[in-house]
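Encoded as structure tokens, the structure appears first; notes follow it.
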Amino acid sequence: MKKIVMTGGGTAGHVTPNIALMPALKEAGYDIHYIGSYTGIEKELIEAQNIPYTGIDSGKLRRYFDPKNFSDPLRVIKGYAQALGLMRKLKPDIVFSKGGFVSVPVVLAAKTCGVPAIIHESDITPGLANRIAIKGAKKVCCNFPETLKYLPAEKAVLTGSPIRRELLSGNPDNAYTLCGFPAEKKPVLLIIGGSLGSRAINEAVRKVLPELLKDFHIIHLCGKGNLDETLVDTKGYAQFEYASAELTDMLALADLAISRAGANSICELLALHKPNILIPLSAAASRGDQILNAKSFAKQGFSYVIQEEDVTDEVLLAAVRDVYANRQTYIDAMSESGQMDSIGTILELIEKERKQK
């Protein structure tokens, strides 16, 4: 049987595209093994798929001062040694990496062992982990045409982001029941702050909640530890720390979404043709990748963008009303985008590049 090692972690965005690929890989006859960190979000998500999982040491490579900068390089070296041992034990035909710092030692160990590796970059500009991993990769997949200029020409392949098949077949009635919305029908606004939640979005939405609830039922994915107990009994408002299998039904029910601009999240909104308002993570709190992602989607007519520092009660309410009133314009633009067959393209690449025995 053909063998593939998959890796990636740190946030759900570094895992869900791997999960989206898994059914097609199984159908193509691949035995899948996953390498991640010991305690990252990837461990829980992958074990839920009944995929063999091995944890290794992982250290974050920071560009700012932190006491952990003295210990994390040793963890990276240890993780590389562990990854080398796993490569020799598992003898995969190929490695597929979705990024995150845990993936770096895996990709570099694969190169040392002569195992071809393919990595996927979600954002317009590659992050630090992928910039290091590119050196050990045979091919680099990406989501945006703008990304190609940042990658080695001989390695770059525009594939788009793998989208989970089940996202296309959600049941809105299931989500309506789960959320306990009143019998009175209203359009549904879905707020997605990312797997870790967004304090800025949570606070902005809750400040104008009474106004929003006049016109919408609201599903709020607010992140772990971010539930507001004072709002538990608010009619028409359903808050959850995180949604896994339920997200498919929630997306099917939603008429409009407010989201961060993580590449995987916005590619899912694109595939589902959901009108959306993007509030990218600010440049002060990130390397600015979400700002670039959002700018690209706005330019293509897929999204309405508000910079985090510009969010006020009036601006947010005006945006929601504007996008909902003009929702068909956004739906038409997304429908005409010609969503790529990302899974098929990546699977073809894996078949072409895998080590022949």
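The values are calculated or read from the model by the stated rules, or taken from the named source; none is laboratory data. What you are looking at is a predicted structure, and each value in this text was computed from that prediction instead of being measured. Every residue, glycine as well, gets a Cβ built from its backbone with ideal geometry; the counts of neighbours run over all protein chains shown.
Miscellaneous remarks
- Residues that are within 17 Å of the chain's Cα centre (by Cα) and not in a loop (DSSP other than H, G, I, E, B) within region 159-174 comprise 165, 166, 167, 168, listed in sequence order.
- Exactly one residue among 234, 177 is assigned by TED's automatic domain parsing to the domain that holds residue 317, β-branched (Val, Ile, Thr) and assigned to a helix (DSSP H, G or I), and that residue is 177.
- Top-ranked residue of region 292-322 - restricted to ones that are within 19 Å of the chain's Cα centre (by Cα) and touching a residue at least 60 places away in the same chain (Cβ under 8 Å), ranked as surrounded by the most Cβ atoms within 10 Å (Cβ to Cβ): 293
- Residues in region 111-141 that are at pLDDT 95 or above and farther than 13 Å from residue 155 by Cα: 111, 112, 113, 114, 115.
- If you go through region 147-170 and keep only what is farther than 17 Å from residue 17 by Cβ and touching an Asp or Glu at 6+ places or on another chain (Cβ under 8 Å), you end up with 151, 170.
- Any chance residue 192 is among the aliphatic types (A, V, I, L, M), surrounded by 15 or more Cβ atoms within 10 Å (Cβ to Cβ), at pLDDT 95 or above and within 30 Å of residue 21 (Cα to Cα): no
So that you can scan it fast, the table gives a plain yes or no per residue for (1) closer than 17 Å to residue 14 by Cα; (2) under 13 Å from the mean Cα position of the chain (by Cα); (3) buried (at least 20 other Cβ atoms within 10 Å of the Cβ):
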site: 248; (1), (2), (3): no, no, yes
site: 257; (1), (2), (3): no, no, yes
site: 264; (1), (2), (3): yes, yes, yes
site: 267; (1), (2), (3): yes, yes, yes
site: 273; (1), (2), (3): no, no, no
site: 286; (1), (2), (3): yes, no, no
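- Within region 4-33, the residues that satisfy the criterion of being touching an Asp or Glu at 6+ places or on another chain (Cβ under 8 Å) and either assigned by TED's automatic domain parsing to the domain that holds residue 267 or of a type in the set (Val, Ile, Thr) (or both) are 4, 15.
- Odd one out for residue 211 among (1) in a loop (DSSP other than H, G, I, E, B); (2) over 25 Å from residue 121 (Cβ atoms); (3) at pLDDT 90 or above; (4) of a type outside the set (Val, Ile, Thr): (1)
- Hits in region 89-128 - residues which are surrounded by fewer than 24 Cβ atoms within 10 Å (Cβ to Cβ), in contact with a Gly (Cβ under 9 Å, 6 or more places away or on another chain) and either of a type in the set (Asp, Glu) or part of a helix (DSSP H, G or I) (or both): 108, 111, 112
- Filter result for residue 76 (under 20 Å from residue 347 (Cα atoms) and either of a type outside the set (S, T, N, Q) or at pLDDT 95 or above (or both)): no
- From the list 224, 274, the lone residue that is modelled with pLDDT of 90 or more and either assigned to a loop (DSSP other than H, G, I, E, B) or in contact with a Phe, Trp or Tyr (Cβ under 9 Å, 6 or more places away or on another chain) (or both) is 274.
- The residue that is nearest to the chain's Cα centre (by Cα), among those in region 135-156 that are crowded, with 16+ Cβ neighbours inside 10 Å and more than 22 Å from residue 302 (Cβ to Cβ), is 140.
- Of all residue pairs spaced 6 or more apart or on separate chains, none has beta-carbon atoms under 8 Å together with a first member in region 198-222 that is without any contact (Cβ under 8 Å) to a residue 24 or more places away in the chain and a second member that is part of a strand (DSSP E or B) and surrounded by fewer than 17 Cβ atoms within 10 Å (Cβ to Cβ).
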